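The values are calculated or read from the model by the stated rules, or taken from the named source; none is laboratory data. Only a predicted model underlies this, so the values are computations on that prediction, with no experimental measurement involved. Please note: Cβ atoms are built from the backbone with ideal geometry, for glycine as well, and neighbour counts cover all protein chains shown. The accessibility values were calculated without ligands, DNA or RNA, using every heavy atom of the protein model including side chains. Shrake-Rupley method; radii C 1.70, N 1.55, O 1.52, S 1.80 Å.
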Amino acid sequence: MRTVILLPFLIFFCGGNVIKHNEEKDLDWWETEIFYQIYPRSFFDSDGDGIGDLNGVTSKLEYVKEIGAGAIWLSPMFQSPMYDFGYDISDFYSVHDEYGTMEDFDALLEKAKELDIKIVLDLVPNHTSNESVWFQEALKGNEKYYNYFIWEDGIIDENGNSKPPNNWVSHFRGSAWEYREEVGKYYLHQFVIGQPDLNYRNPDVVEEMKNIIRFWLDKGVAGFRVDAVNCLFEVNKELFGGVYPDEPLSGRVDVDPGSHDYLSHIYTKDQNETYYMVYEWRDVFDEFAAKDGLARVMMTEVYATVQNVVKYFGEGERKGAQMPFNFDLISDVDGSSSAADIKRAVDKFLTYKPVDKVANWVVGNHDNSRMATRYGSSLVDGINMIVLLLPGVGVTYMGEEIGMLDGYVSWEDTVDPSGCNTNDPINYMKSSRDPERTPFHWNAEKNAGFSTADKTWLPVAEGYETLNVEVQKAAARSHLKVYQALADLRQEKVFRYGRYDSLALNKDVFVFRRWYNGETYLVVVNMRNTEYVVDLTYFENVSGNVSFVIRSIQSPKNEGDMFEASALPVAGYEGIVLKLQ
C-alpha cells in the first residue's frame with residue numbers, strides 16, 4: 001500500500017525535473033555572443049601615422065557587426081611608454097596619446113552602443129609602468145606609493161657586490177629583480193624591467209585597482225579581460241623567515257638559465273590568494289549589474305593547468321570570472337594533431353568546468369602564432385566551425401575569420417621585447433610575438449588598406465593582395481562567408497541550448513553533435529588531406545539521411561546535397577555542418 005502511495009509522488013517530481021531541464025532559460029548577453037579581439041595598434045590607422053588607433057576601430061565597427069560579433073575586446077589602450085606595447089601602463093585612467101583621446105574613446109562607446117556592440121577592455125592589474133606617477137613617487141620616498149611595489153634588499157656576495165634577492169626569472173628573460181639607487185633596493189618585475197609588480201598584500205593597491213575598474217565600468221564598458229592574473233600574488237615571505245625563497249629548477253634541458261622556463265614557478269604563480277582577489281573584483285562588477293541589470297563580464301587570462309583555470313569561475317557562493325579563458329585549442333593541439341587529440345582537447349575543458357558554468361573557445365590571440373599558421377590554411381573553416389558551434393562562447397582574434405597568417409618580421413623590424421631580449425638575430429622568431437600582430441588585411445591597396453603611411457609600426461604580411469577582407473567579400477566562396485554563415489547558425493536554439501557529444505571516427509575525422517527539441521546537427525572536420533567514407537550512426541539516435549548546411553571553401557559538396565548518415569563521403573581537409581533529416 002505504501003508503494004502505491006509513493007509512486008505517483010515520485011513520478012510528479014521526476015516529470016517536473018524533465019520539464020525544467022527542457023525549459024529555455026534566459027541567457028545573459030555574453031553567453032550568446034562572439035567576442036572579437038582587436039589589437040588596436042594593428043587594426044586600422046585613421047590618421048596616417050602607421051599606428052592603428054581608436055578612431056580606426058570606430059570606423060570599422062560596422063565590419064564587426066557584419067561578421068556576426070556582438071562584443072569587442074580591445075588590447076590595452078591606456079597611457080603607456082610602450083616598452084611592452086600597452087601592457088606597461090603609466091596611467092590607468094587615460095588613453096594612450098598614439099591611440100587618441102578620451103573623447104575618441106567616448107565616441108567609440110557611442111558608436112558601439114548604436115550598433116549594439118559591447119566593449120570589453122584589457123585590464124593589466126599585475127604591474128604598472130616604471131614611468132607611472134606611482135612608481136616615480138615611490139622613488140622619491142613617498143611611503144604610500146613605495147608600498148605599492150615589492151622591494152627587497154640585495155644579497156652581498158663574497159666580493160662585496162650586490163646581487164638580486166633570489167633566483168626569480170622574468171617572463172622576458174633574466175632576473176626578475178632590478179636595482180634602483182634612489183631607494184637602495186631591488187624591485188620585482190615578473191615581466192619587462194619597465195613593469196614593476198604591484199603589491200597586492202597592500203590594501204591600498206587592492207582598493208586602487210577596484211577604483212580603476214569602477215572608473216571604466218562607469219564610463220560604459222561591459223567588462224574586462226584580465227591579463228596575466230595568476231601572477232598577482234607571490235608567496236608570503238613571512239612563511240619563509242621573511243625572505244623570498246629561490247624557485248626550483250624546472251628540469252627542462254631545452255632552455256638556458258636566462259629563460260623563464262628554466263625554473264618551476266611555484267612561488268610566483270597560482271598562489272591561492274589570487275582566486276579570492278578575482279572574486280572580490282567580481283563583486284565590483286556585480287555592483288554595476290545590480291544597478292541596471294546588465295551583466296559586466298570578466299575574462300581571465302591564465303596559462304595554467306585546467307584544474308587551476310576553472311578555480312577562477314568561483315568557489316561555493318563566491319562568484320568569479322564568467323570566462324576563465326580556455327586555451328586548450330592553442331596549447332594542446334595544432335595542425336599535426338589527430339582527431340582523437342582534438343576530441344581530448346575539446347572534452348577536457350567541458351569535463352573540468354563546473355556543470356553550471358559556460359565554456360569558451362579560443363584558438364588565437366596577440367601572444368600566439370595565428371590559427372591559420374598553426375593549423376594550416378586548409379583547416380581555417382573547420383577550426384572556425386569548432387570554435388563557433390561548440391557549446392559556449394566563441395572568441396575570435398582579428399583575422400581568423402579570413403584566415404590571416406603570421407607575417408615575417410625581420411630582426412631589424414622586431415620590436416617585441418620577447419624577441420628583442422633574446423639578443424639572437426637567428427632564433428628570435430621563436431620568442432617574438434610580432435608575427436601575429438602584423439597589420440590587418442582590409443584590401444589589396446597600400447599597406448593592405450591598414451594605413452596610408454610610408455612605414456607601418458610592423459610590416460604588413462606578404463600575400464595581403466589576395467588574402468584580405470575585400471577579396472573575400474567579393475568571392476563566391478571564402479573563409480569570411482563561411483564565418484558569417486556560422487555566426488548566423490549559432491543563433492539557432494540548438495546551438496544556444498542544445499546538448500553535445502563527440503567522436504573521433506578514425507585517426508583524422510573529428511565529429512561533434514548538437515541536438516535540441518528534435519533537431520540534430522553534426523559538425524565534421526577532417527584534419528588531413530585524405531578522403532574517407534564515415535559512418536555517423538555511431539552516434540546514438542543518428543540514422544537515415546543528413547543534408548549539407550555549411551561547407552568549407554574546398555568542400556566538393558553542393559547546396560541541397562543529401563547523404564546517408566551511415567556512408568558520408570568526406571574530402572581531404574573538409575569541414576561540413578550537416579543537419580539530420
The pairs in 455/481; 163/237; 118/473; 507/557; 357/557; 353/473 lying past 28 Å Cα-Cα in this model are 455/481; 357/557; 353/473
Which residue, chosen from 64, 117, 394, occupies the Cα position most advanced towards the positive end of the dipole of the chain, where the dipole is computed from +1 (Lys, Arg) and -1 (Asp, Glu) charges on Cβ about the Cα centre? 394
Förster radius 22 Å - calculated FRET efficiency between residue 531 and residue 466 (Cβ-Cβ, nearest 0.05): 0.20
Round to the nearest 0.05 the FRET efficiency obtained for residue 207 and residue 27 when R0 = 41 Å and r is the Cβ-Cβ distance. 0.80
Give me the number: length gained by fully extending residue 538 to residue 427, i.e. 0.36 nm times residue separation minus the C-alpha to C-alpha distance, one decimal in nm. 35.3 nm
C-alpha long axis of helix 339-352 to longest principal axis of the chain, angle in °: 70
When the helix-only estimate is applied to the chain (DSSP H runs of n ≥ 4, each -39,500 (n - 2.57), divided by the residue count), what is the mean residue ellipticity at 222 nm, nearest 500 deg cm²/dmol? -8000 deg cm²/dmol
Rounded to the nearest whole Å², what accessible area per residue is found for the chain with the 1.4 Å probe? 42
Going out from 0 in 10 Å bins, what whole percent of all Cα-Cα distances in the stretch 220-286 drops into each bin? 18, 35, 29, 14, 4
So residue 359 and residue 303, fully extended at 0.36 nm per residue minus their Cα-Cα distance, gain in nm 18.5 nm
Heavy atoms only, 1.4 Å probe, whole protein assembly: order 530, 452 by accessible area, highest first. 452, 530
Using a probe of 1.4 angstrom, how much of the accessible area of the chain is carbon and sulfur, in percent? 50
Describe numerically, in nm with one decimal, the distance between label points set 7 Å from Cα along Cα→Cβ at residue 317 and at residue 476. 6.3
Of 560, 440, 379, which is farthest on the positive side of the dipole of the chain, counting Cα position, with +1 on Lys and Arg Cβ, -1 on Asp and Glu Cβ, and the Cα centre as origin? 560
At R0 = 35 Å, how high is the FRET efficiency between residue 246 and residue 94 if r is their beta carbon distance? Nearest 0.05 is fine. 0.35
How much length is gained if the chain between residue 147 and residue 179 is pulled fully straight, taking 0.36 nm per residue apart and subtracting their Cα-Cα distance, in nm to one decimal? 9.9 nm
Taking the simple approach of a point 7 Å from Cα along Cα-to-Cβ for both residue 157 and residue 294, what is their distance in nm? 5.7
With a 1.4 Å probe and all protein chains kept in place, how much accessible area does residue 516 have, in Å² rounded to the nearest 10? 30
Magnitude of the Cβ-charge dipole (Lys and Arg +1, Asp and Glu -1) of the chain about the Cα centre, nearest 20 debye, reported as 2260
On the full set of protein chains, 1.4 Å probe, figure out the accessible area of residue 88 and give it in Å² to the nearest 10. 0
Neighbourhood charge, 13 Å Cβ-Cβ cut-off, centred on residue 112 and excluding it, Lys, Arg +1 and Asp, Glu -1: -1
Give the distance, in whole Å, between the Cα centre of the stretch 69-85 and the Cα centre of the stretch 156-183. 30
Which value, in Å² rounded to 10, gives the accessible area of residue 97 with a 1.4 Å probe and all protein chains present? 110
For 254, 104, write out the residues from largest to smallest accessible area, computed with a 1.4 angstrom probe and no ligands counted. 254, 104
With a point put 7 Å past each Cα toward its Cβ, work out how far residue 215 is from residue 413 in nm, to one decimal. 3.6
If you add up the charges near residue 443, with Lys and Arg at +1 and Asp and Glu at -1, over every other residue whose beta carbon is less than 11 angstrom from its beta carbon, what do you get? -1
